[in-house]
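Heads up: the structure comes next, in structure tokens.
The values are calculated or read from the model by the stated rules, or taken from the named source; none is laboratory data. This is a predicted model, so every value here is computed, not measured. Note that each Cβ is placed from the backbone with ideal geometry, even for glycine, and that neighbours are counted across all protein chains shown. SASA here: full protein model, heavy atoms, side chains in, ligands and nucleic acids out. Shrake-Rupley method; radii C 1.70, N 1.55, O 1.52, S 1.80 Å.
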Amino acid sequence: MNENRPLRQSPIYTPDVIEEIQEKAALGRYRIRGFGTLRSKPLPSLDDLTFLPATLTRIPLEGYREKCETKTVLGTRVAGQPLELDIPIMITGMSFGALSLNAKIALAKGAAAAGTSTTSGDGGMLPEERQYSKKMVVEVLPSRYGANVHHMRQADAIELTIGQGAKPGTGGLLLGSKISSEIAAIRDLPPGVDQRSPARHPDFLGPDDMIIKIEELREATDWKVPIFVKMGATRVFDDVKLAAKCGADVVVVDGMEGGTAASPEILQDHTGIPTLAAIPEARRALEDLGLYGKVQLIAAGGIRSGVDVAKAMALGADACYIGTAALIALNCNRPLFVDDYARLGTRPGACHHCHTGRCPVGITTQDPQLMARLPVDEAAQRVSNFLIAMALEVQMIARSCGKSNVHDLDPDDLRALTMEAAAITRIPLVGTNWVPGQP
Amino acid sequence: MDRVHRIDCAGRTVREINIEIRSELARGSSVAVANSGARHNLGVALLTSGRVTFDGSVGYYGAGMSDGATIVIHGSAGWGVAEGMLSGSVSVEGNAGNGAAASIRGGTVVVKGDCGARAGISMKGGLLLIGGDAGYMASFMMQKGVVVILGNAGDALADSMYEGVVYVGGEIASLGNDAVVSDASPDDMNTLSGLIRQHGLKQPRRLRKVVSGRKLWNFDHAELETWRAAL
């Protein structure tokens with residue numbers, strides 16, 4: 001036997017797969033974890049697109065100085081008071097419960113300083129978050145945890161949440177370690193339960209009922225504020241058409257890269273479609289109804305930078321939500337308290353342990369001692385800086401493409417770097433005018 | 001003597017009707033709404049005390065999201081009657097559609113007739129009293145509060161509840177996941193008798209009590225270290 005022969009390893013039963021099978025065999029249940037997809041096989045993404053800035057065919061604007069509008073108005077269709085933001089980047093819904101009080105307040109203060117909005121989450125509106133948010137979106141979720149008409153009437157927009165990108169078709173999850181007595185009281189749950197939120201709303205099922213539900217939300221808020229409908233990206237073309245027909249002012253599509261504080265791993269990795277695919281489908285749906293530009297589109301799921309935002313906007317989004325990226329700006333995965341990462345069996349840069357409630361940097365925890373590791377004002381400053389930096393990036397791209405308003409970015413400013421992305425987005429492959437499937 | 005303000009729904013939008021109900025309640029009047037015509041979203045978000053009567057049926061989400069008002073529907077109600085209520089009371093003289101008292105956090109909902117499916121779903125407090133029968137999945141995922149069904153309960157009663165308590169006077173077609181049934185105690189019977197009498201409903205011969213077996217409250221994990229390591 002040749003001892004120098006390399007050991008062969010199955011491409012099917014990789015060490016990861018073996019570990020997972022043996023873990024299920026030991027525990028008798030599926031894996032649950034936080035953060036978002038950790039798939040080793042890359043998803044088609046916004047990275048598969050590139051911009052075509054101005055050269056001789058069009059004139060660029062001075063990248064660092066010329067005026068380039070970022071003001072964003074959402075909900076122009078029906079609402080008496082559309083949501084006006086200084087930048088097209090908003091903080092998505094993340095619950096008080098999944099996040100600590102300090103994290104929620106820091107997001108509110110940071111977003112307010114950057115002239116944009118925050119969103120409540122699957123745990124009701126936190127009064128402090130409303131206090132520190134300049135603009136606030138209040139979600140109406142299937143669980144209705146902490147649902148309160150008085151909070152809705154303080155909202156700048158209502159988001160009727162059907163599902164989320166990390167786990168479409170499934171309700172929220174918050175393990176018992178994070179259901180403190182305070183969180184339990186707000187959600188009317190027994191402390192310490194492993195909370196698995198409902199997947200369906202209690203009082204409507206399909207789109208026919210949702211038309212009436214949306215009207216009810218408008219009656220409750222005096223037809224003033226926009227009604228968003230948020231969905232995990234699955235059958236986006238049909239879903240967006242239905243949401244728009246049901247009367248949504250704004251549709252949110254949340255791609256499979258979307259984060260979560262806790263979810264069965266298989267849902268994060270194997271359900272939904274990528275944000276890259278969701279946006280063009282959503283745009284086609286609105287165009288098909290003649291509502292593109294009238295019903296606004298928010299893209300979410302794996303948005304990490306101003307470049308991602310610019311690409312999403314060029315594909316057809318009016319604004320983007322960020323969640324995980326905002327938490328990373330707060331301090332998520334920063335190399336502080338490294339021993340505590342090690343105690344969770346991980347390290348900075350690889351931590352996805354939001355579900356444990358033992359967040360070493362005080363963001364996804366209800367432990368007062370851990371939470372104290374996130375000083376609110378410093379964290380808020382980082383969130384604000386990050387949002388402003390992202391907006392500057394969007395402006396830089398827009399100016400280089402000759403646009404004096406970031407909302408003027410369009411698909412012709414983009415080319416696909418891969419055949420896959422060209423097929424998905426119907427944007428020509430670089431160096432060609434070719435879109436797969438078209439003559 | 002209360003001043004009663006009368007509103008005729010005929011030819012008016014729901015928006016106009018709701019604005020008028022709210023402004024009259026704010027002035028301290030009682031409101032009597034005629035020709036409600038089973039329209040949807042009537043009496044939504046009434047946030048002051050005062051009495052409102054609907055002389056006829058209401059559609060979906062009648063008296064939804066109210067806080068403090070006393071609302072009487074002299075007819076039947078569609079889906080989600082009183083959904084999301086915080087306090088006050090809603091009384092339906094006839095029957096109610098699916099999701100009656102869905103996710104209420106306080107107050108009292110009385111349906112003198114029958115309820116459709118999912119009555120008392122996701123309730124977070126308060127009381128739902130049903131004079132007749134309840135359809136399938138009543139009290140699904142109910143978190144807190146009390147549901148009393150004087151007639152029969154349909155399939156999958158009290159599925160996946162937390163701390164909700166359900167009483168049934170008639171037959172239970174089937175229990176939902178993790179629902180546990182026992183006879184109501186004499187104390188429970190006394191308390192409920194008063195309540196049933198107060199609403200002019202027929203006393204049942206006996207009541208059975210359904211609560212959560214608490215087996216679904218937590219994942220069945222052997223010990224926390226294993227749990228934490230399973231990533």
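Data for the structure
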| quantity | calculated |
| --- | --- |
| Selection count, segment B:56-86, where residues are open to solvent by 10 Å² or more (accessible area, probe 1.4 Å), within 12 Å of chain A (Cβ to nearest Cβ) and part of a loop (DSSP other than H, G, I, E, B) | 5 |
| Subset of segment B:171-189 that is surrounded by fewer than 18 Cβ atoms within 10 Å (Cβ to Cβ) and among the small types (Gly, Ala, Ser) - its residue that is nearest to B:Arg205 (Cα to Cα) | B:Ser185 |
| Inter-residue pairs, beta-carbon under 6 Å, first over 17 Å from A:Arg373 (Cβ atoms) and in segment A:100-111, second not in a helix (DSSP H, G or I), 6+ apart | A:Ala108/A:Thr118; A:Ala108/A:Ser133; A:Ala111/A:Ile91; A:Ala111/A:Thr118 |
| Count - residues of segment B:13-53 that are within 14 Å of chain A (Cβ to nearest Cβ), open to solvent by 40 Å² or more (accessible area, probe 1.4 Å) and assigned to a loop (DSSP other than H, G, I, E, B) | 6 |
| The one condition in (1) in contact with a strand residue (DSSP E or B) (Cβ under 8 Å, 6 or more places away or on another chain); (2) open to solvent by 10 Å² or more (accessible area, probe 1.4 Å); (3) hydrophobic (A, V, I, L, M, F, W, C) that A:Phe237 fails to fulfil | (1) |
| Given (1) surrounded by fewer than 19 Cβ atoms within 10 Å (Cβ to Cβ); (2) away from chain B (no Cβ under 14 Å), number of the condition A:Met231 does not satisfy | (1) |
| Qualifying residue in segment A:72-88 (condition: of a type in the set (Lys, Arg), within 30 Å of A:Ala248 (Cβ to Cβ), touching a Pro at 6+ places or on another chain (Cβ under 9 Å) and without any contact (Cβ under 8 Å) to a residue 60 or more places away in the chain) | no |
| From the options B:Ser36, B:Ser29, B:Ser89, residue that is farther than 20 Å from A:Ser143 by Cα, touching a Ser or Thr at 6+ places or on another chain (Cβ under 8 Å), of a type in the set (Gly, Ala, Ser) and in contact (Cβ under 8 Å) with a residue 24 or more places away in the chain | B:Ser36 |
| Matching residues, segment B:109-127, being under 9 Å from the mean Cα position of the chain (by Cα) and either at the interface with another protein chain (Cβ under 10 Å from one of its Cβ atoms) or open to solvent by less than 10 Å² (accessible area, probe 1.4 Å) (or both) | B:Val109, B:Val110, B:Val111, B:Ala119, B:Gly120, B:Ile121, B:Met123 |
| Filter result for B:Gly106 (surrounded by fewer than 23 Cβ atoms within 10 Å (Cβ to Cβ), within 18 Å of A:Gly146 (Cα to Cα), touching an Asp or Glu at 6+ places or on another chain (Cβ under 9 Å) and more than 9 Å from every other protein chain (Cβ to nearest Cβ)) | yes |
| Qualifying residues in segment A:147-172 (those that are under 30 Å from A:Pro368 (Cα atoms) and within 10 Å of chain B (Cβ to nearest Cβ)) - the one surrounded by the fewest Cβ atoms within 10 Å (Cβ to Cβ) | A:His150 |
| Residue count for segment A:260-300, restricted to those that are at pLDDT below 95, within 24 Å of A:Ile91 (Cβ to Cβ) and in contact with a helix residue (DSSP H, G or I) (Cβ under 9 Å, 6 or more places away or on another chain) | 4 |
| Set A:Asp194, A:Asp222: member being modelled with pLDDT under 95, farther than 18 Å from B:Glu83 by Cβ and of a type outside the set (Val, Ile, Thr) | A:Asp194 |
| A:Met90, sole failed condition from (1) within 30 Å of A:Pro375 (Cα to Cα); (2) open to solvent by 10 Å² or more (accessible area, probe 1.4 Å); (3) not in a loop (DSSP other than H, G, I, E, B) | (2) |
| Unique residue being open to solvent by 30 Å² or more (accessible area, probe 1.4 Å), among the hydrophobic types (A, V, I, L, M, F, W, C) and not in a helix (DSSP H, G or I) when the list is A:Ala299, A:Ala317, A:Ala350 | A:Ala350 |
| Segment B:146-157, residues that are surrounded by 24 or more Cβ atoms within 10 Å (Cβ to Cβ) and either within 14 Å of chain A (Cβ to nearest Cβ) or over 14 Å from the mean Cα position of the chain (by Cα) (or both) | B:Val147, B:Ala153, B:Leu157 |
| Single unsatisfied condition, B:Tyr136 versus (1) out of contact with any helix residue (DSSP H, G or I) (no Cβ under 9 Å at 6 or more places or on another chain); (2) without any contact (Cβ under 8 Å) to a residue 24 or more places away in the chain | (2) |
| Identity of the residue in segment A:176-211, over 25 Å from B:Gly125 (Cα atoms) and in a helix (DSSP H, G or I), that ends up farthest from the other protein chains (Cβ to nearest Cβ) | A:Pro207 |
